[in-house]
Amino acid sequence: MQIPENFQTLFRTSPFLDLIGPIYQSGEPGDLIIGIRVEEKHCNARQGLHGGVMSTLADIALGYNTAFSGEKPIPMSTANLTIDYAGGAKIGDWLTIRSDVQKVGKSMAFANCYFSVGDKRIARASAVFSVMQGK
């Protein structure tokens, strides 16, 4: 399945992300739009995108955009992640996640993101991160 021209493979990965990927990005770290083509492996028994996959993608989109929002990368850990599902995606859909970093402080950071299939928003998520000082 074709990937939009302005997207490339995510700049950073891990063994876990390799299992659910490929995951794509548009933009630069700190201002990333995350994208994924929904495959069968991402779906629940009803052939819809699994909420757990969406939670993982929210953590990646929010975490990477927040950690790379300053002049140098900020080490942080997810303290809270909340997601609200307002729709769904199915096999073959192109899903994008756009983030908005609200604030990065000395001990905590806050961000929101929105999931879309085409022009339709299907979920929103917010996270609080614990900034790890001196790590």
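Taken together, the values in this text are just the output of simple stated rules run on the coordinates, not laboratory data. In this text the structure is predicted, and so the values were computed from the model without any measurement. Cβ: placed from backbone, ideal geometry, glycine included. Neighbour counts: every protein chain shown.
In the chain, helical runs assigned H by DSSP with n ≥ 4 each contribute -39500 (n - 2.57); averaged across all residues and rounded to the nearest 500, the mean residue ellipticity at 222 nm is -5000 deg cm²/dmol.
GNM remark for the chain: springs join alpha carbons under 10 Å apart, and the peak mean-square fluctuation among 30, 105, 92 falls on 105. Within the listed set 81, 19, 62, the Gaussian network model of the chain (springs between alpha-carbon atoms below 10 Å) gives the highest mean-square fluctuation for 19. Quick one: grab the alpha carbon gyration tensor of the stretch 30-135, order the square roots of its eigenvalues as a ≥ b ≥ c, and give me rounded if a/c is under 1.5, else prolate or oblate depending on whether a/b is larger than b/c. Verdict is prolate for the stretch 30-135. Would you mind telling me which residue in 18, 31, 100 has the biggest mean-square fluctuation in a Gaussian network model of the chain, where springs connect alpha carbons within a distance under 10 angstrom? In this elastic network of the chain, the residue with the biggest mean-square fluctuation among 18, 31, 100 is 18. Let's test the formula: R0 of 22 Å, r as the Cβ-Cβ distance of residue 12 and residue 120. What FRET efficiency results, to the nearest 0.05? The formula returns an efficiency of 0.20 here.
Based on Cα contacts under 8 Å between residues 6+ apart, the chain shows a relative contact order of 23 percent. Pairs of Lys residues in the chain, spaced 8 or more positions apart or belonging to different chains, with C-alpha separations under 19 angstrom: 6 in total. Under a Cβ-only charge scheme (Lys and Arg +1, Asp and Glu -1), can you give me the dipole magnitude of the stretch 8-131 about the Cα centre, in debye to the nearest 20? Dipole about the Cα centre, nearest 20: 180 debye. What's the angle, to the nearest 10 degrees (0 to 90), between helix 51-67's Cα axis and the longest principal axis of the chain? The two axes meet at around 30 degrees.
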